[in-house]
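The values are calculated or read from the model by the stated rules, or taken from the named source; none is laboratory data. Treat the numbers as computed from the prediction; the structure is a model and nothing was measured. Note that each Cβ is placed from the backbone with ideal geometry, even for glycine, and that neighbours are counted across all protein chains shown.
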Amino acid sequence: MNWRYKSAGLLLVLLVSLVSCRKNFEEINTDPSSFTTASDGSLFNEVVSTLQLGWNEQFYINNEILYKQTQLAALTKEGWGNFTLGTEEIWSNYYGALPEIRELQKRFSKYDSTAGLGNMKAMLKIMMALKTFKVTDLFGDIPFSQAGYGFQNLDYLRPKFDKQRNIYLSLLDDLKWADENIDESAPLIEPYKSFIGFDKLFNGDMVKWRKLANSLRLRHAMRIEEKEPVIADAIIKEIIENNKPVFIGYDLGGPLLESACLWPAAIGFKNESLSWSFREHKNLRMGSNIWQRLSDHDSTDGSGIFDPRAYIFFETNNNSQWKPYPQIPDASTPSEGGIPYDSHRDQTGSYSIKGETCRYSPFDYFIIADINYMPIILITGAEVHFLKAEAYFRGIGVAMDKDIADIEYMNGVNSSVEWWMQVAKNSKLPLSGMTFPEMVPIPEGLNASSVLMRYGSWNAATEEEKLEFIYTQWMLDAFRQPWEAYALARRTGKTPREGLPISHFRLPYPPSEVEYNGANCAQAIANQGGDDFGNKIWWIP
C-alpha cells in the first residue's frame with residue numbers, strides 16, 4: 001500500500017512531531033501531542049530540507065541513467081538495473097512533503113492579510129513550484145491538484161493525475177504571483193518575523209526569493225516554448241523587457257556569481273549521500289564526449305585542456321593520465337575498475353591511490369567527497385544568462401538580436417567558469433581537511449578567457465553552431481544537475497552527443513503508485529501513450 005496517500009493524516013502527525021522542527025536541518029525535541037505545536041517556520045524548513053538529493057535518487061537515477069543519457073559522463077558498466085529504487089525515492093520525497101505544504105496553505109488562508117503573509121505565501125509557492133517542476137519533468141503527468149490533501153479529505157486518498165500542461169501553467173501563474181506580491185520592505189512582525197527565521201535557503205532575503213521566482217519562470221517558459229509559444233513568449237518578454245530581478249552571473253561591474261543552492265555547512269547538515277552514491281556505484285568516468293568540450297586534443301598529459309572546469313569535474317587516472325572512457329565502448333574497450341571514490345583517499349598520503357585498474361579519468365574526488373562545502377545546486381546565474389542568450393539568438397519573447405545574445409552568452413561562460421572555480425577554491429575534504437587548491441592546482445592561464453578562445457561565438461562557422469555553443473556551455477554549467485542537463489538535451493536535441501540522438505525521454509512511474517493508485521495511474525499512462533523510457537512527455541518537441 002502507498003503510505004503517501006492512504007496514511008496522509010498519520011504521516012503529517014509523524015512528520016511534524018518527529019522531524020519538522022529541524023531548524024538548520026537538525027532534529028530537536030518537540031511536543032508530540034499535537035502537530036499544531038509545530039510552527040509555520042519549522043514546517044517550511046522541513047520542506048526546504050527535502051531539496052536534498054536522495055541516496056537512491058543519486059545512485060540509481062543520476063549516476064546510472066542521467067549522466068549516461070546526457071553524456072556528461074560515461075558509464076563503464078551497467079550493473080544496476082534497480083532504477084525503481086530511485087523513482088520510488090523521488091516520488092516519496094515529493095509526496096511526503098506535500099502534506100506539510102498543504103497544511104501551511106491551510107494555515108495561511110486563516111491569517112489576516114499583511115505584507116509579511118504575502119511573502120510567506122510567495123515563498124511557499126516558489127518552493128512548491130521548484131519541487132513540482134522537477135518531478136513532472138521526470139515523469140510527465142503526476143497527481144498534483146488533489147495530492148497532499150488526504151489528511152483533510154478522504155476523497156483525495158487516491159488523487160487524480162493532472163496533465164503536465166495544466167501543472168506547468170498553474171506553477172507559472174504561481175511564480176508570477178510570487179514576483180508581484182513579494183514585499184521586500186515588509187515589517188518584521190508576527191507571524192512573518194518568526195517564519196523567516198527558519199529560512200535556511202536565503203535567510204529571509206526576499207530579493208533573492210523574487211530572483212528565484214523569475215529565474216524559474218524563465219527556465220520553464222523556455223522549456224515549453226515549442227508547445228506553447230504564445231504563453232512562453234509573453235513570460236520571457238515580461239521578464240527581460242521589464243528587467244525583472246533574476247540571478248545574475250556577470251554585469252557591467254564584473255562577477256556577481258549569484259545562484260540558489262543548498263550549502264551544507266552553512267545550513268547545518270552533511271551531504272553524506274553524495275560520497276556514498278559514488279563510492280558504492282563506482283562506474284562513472286569522464287567520457288569522450290565531454291572530454292572533447294574541455295580539451296583540444298587527447299594528450300594524456302593534459303596539455304590540450306583549455307577549460308579549468310576539467311580539473312574541477314574530473315581528474316587523472318591512477319597513472320596520472322587524462323584518459324576518457326569511450327562514450328560508446330566496443331568489445332575491445334578495456335574494462336575499468338579501481339577505487340577512485342573510496343574514503344581512503346581522504347587521508348594524508350593516500351590521496352593519489354586510485355587502484356591499478358583505474359585506467360580512465362574518474363570524477364574529481366573533491367566534487368564527490370566534500371560533504372560540507374560542495375553545494376546542491378538549484379539554479380545558477382550562468383544558466384539565466386544562457387536562457388537570455390537563447391531568447392535573443394532565436395527571437396523568443398524578444399526581438400532577435402545576435403549581438404545581445406553574444407553578450408549574454410559570454411556572461412554565461414564567464415560566470416559559470418568563475419563560479420565553479422570559486423566553489424573549488426572553498427572545497428575541503430571532511431576528514432583530512434585537505435583543500436582543493438593545495439591538492440589540485442589548476443594551471444595558470446586556464447580561466448574563462450581560455451574557454452572563450454575556443455568557444456567564443458566568433459569561432460563558430462555557422463549560426464547553427466553558435467546556438468550549439470550556447471547549449472554546450474549550458475550543459476557544462478549543469479554538470480552537477482544532470483536532471484537539468486537531461487531536460488536541455490530532450491528539449492533541444494542539440495547538446496553535444498556521440499552516436500544516435502537521445503531517445504530516453506522520461507522515467508516510468510514507481511511500482512507503488514501503479515499498485516496503489518492503479519486506476520488513475522493507468523489513465524495517465526494511456527493518455528501519454530505508455531510508461532516507457534521512450535514515451536515523450538508533453539513539452540518535448
If residue 105 meets every condition in (1) in contact (Cβ under 8 Å) with a residue 24 or more places away in the chain; (2) part of a helix (DSSP H, G or I); (3) surrounded by fewer than 21 Cβ atoms within 10 Å (Cβ to Cβ) apart from one, which number is that one? (1)
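Got a sec? Which of 215, 273 is among the polar types (S, T, N, Q), over 30 Å from residue 335 (Cβ atoms) and under 22 Å from the mean Cα position of the chain (by Cα)? Write out each step before concluding.
Numbers: 273 fails: over 30 Å from residue 335 (Cβ atoms).
215 is the lone residue from the list that is among the polar types (S, T, N, Q), over 30 Å from residue 335 (Cβ atoms) and under 22 Å from the mean Cα position of the chain (by Cα).
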Selection status of residue 345, farther than 27 Å from residue 238 by Cα and in contact with a Phe, Trp or Tyr (Cβ under 8 Å, 6 or more places away or on another chain): yes
Pairs please, first residue from segment 297-319 and among the basic types (Lys, Arg), second anywhere and modelled with pLDDT of 95 or more, Cβ atoms under 7 Å, 6+ apart in sequence or on different chains. 309/294; 309/417; 309/420; 309/476
Could you tell me which residue of segment 227-265 is nearest to residue 209 (Cα to Cα), considering only residues that are over 22 Å from the mean Cα position of the chain (by Cα), part of a loop (DSSP other than H, G, I, E, B) and not small (Gly, Ala, Ser)? 244
If I ask for residues that are free of Cβ contacts under 8 Å to residues at least 60 places away in the same chain and surrounded by 11 or more Cβ atoms within 10 Å (Cβ to Cβ), which ones from segment 429-454 would you list? 435, 437, 448, 449, 452
Among (1) touching a Phe, Trp or Tyr at 6+ places or on another chain (Cβ under 9 Å); (2) farther than 30 Å from residue 491 by Cα; (3) among the small types (Gly, Ala, Ser), there is one condition residue 170 misses while meeting the rest; what is its number? (2)
What residue, among those in segment 490-499 that are in contact with a Phe, Trp or Tyr (Cβ under 9 Å, 6 or more places away or on another chain) and of a type in the set (Lys, Arg), is surrounded by the most Cβ atoms within 10 Å (Cβ to Cβ)? 490
All conditions in (1) in contact with a helix residue (DSSP H, G or I) (Cβ under 9 Å, 6 or more places away or on another chain); (2) modelled with pLDDT under 95; (3) in a loop (DSSP other than H, G, I, E, B); (4) surrounded by fewer than 23 Cβ atoms within 10 Å (Cβ to Cβ) are true of residue 52 except (2)
Taking the criterion of being touching a residue at least 24 places away in the same chain (Cβ under 8 Å), basic (Lys, Arg) and closer than 30 Å to residue 266 by Cβ, would at least one residue in segment 180-197 satisfy it? yes
Which residue, of 90, 65, 61, is closer than 20 Å to residue 537 by Cα, among the hydrophobic types (A, V, I, L, M, F, W, C), buried (at least 19 other Cβ atoms within 10 Å of the Cβ) and touching a His at 6+ places or on another chain (Cβ under 8 Å)? 65
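Give me the residue from segment 465-489 that is charged (D, E, K, R) and in contact with an Asp or Glu (Cβ under 9 Å, 6 or more places away or on another chain) and, out of that set, surrounded by the most Cβ atoms within 10 Å (Cβ to Cβ).
Within segment 465-489, the subset charged (D, E, K, R) is 465-466, 468, 477, 480, 484.
Of the ones still in play, those that are also in contact with an Asp or Glu (Cβ under 9 Å, 6 or more places away or on another chain) are 466, 477, 484.
Numbers: 466: 20, 477: 27, 484: 24.
The extreme case among them is 477.
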Being hydroxyl-bearing (Ser, Thr, Tyr) and surrounded by 21 or more Cβ atoms within 10 Å (Cβ to Cβ) is the requirement here; does residue 351 meet it? no
Residue 424 being touching a residue at least 12 places away in the same chain (Cβ under 8 Å), within 24 Å of residue 67 (Cβ to Cβ) and out of contact with any Leu (no Cβ under 6 Å at 6 or more places or on another chain): yes
Across (1) closer than 24 Å to residue 328 by Cβ; (2) in contact with a strand residue (DSSP E or B) (Cβ under 7 Å, 6 or more places away or on another chain), residue 540 clears everything bar (2)
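Residues checked against (1) touching a helix residue (DSSP H, G or I) at 6+ places or on another chain (Cβ under 8 Å); (2) within 30 Å of residue 74 (Cα to Cα):
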residue	(1), (2)
491	yes, yes
496	yes, yes
503	no, yes
521	yes, no
Which fully enclosed helices (runs of 4 or more DSSP H) of segment 398-513 have 3 or more residues being under 29 Å from residue 142 (Cα atoms), at pLDDT 95 or above and charged (D, E, K, R)? 482-492
Across segment 500-531, what is the total count of residues that are under 15 Å from residue 69 (Cα atoms) and either free of Cβ contacts under 8 Å to residues at least 24 places away in the same chain or surrounded by fewer than 16 Cβ atoms within 10 Å (Cβ to Cβ) (or both)? 3
Among the residues that make up segment 405-412, is at least one of them surrounded by fewer than 22 Cβ atoms within 10 Å (Cβ to Cβ), under 29 Å from the mean Cα position of the chain (by Cα) and in contact (Cβ under 8 Å) with a residue 40 or more places away in the chain? yes
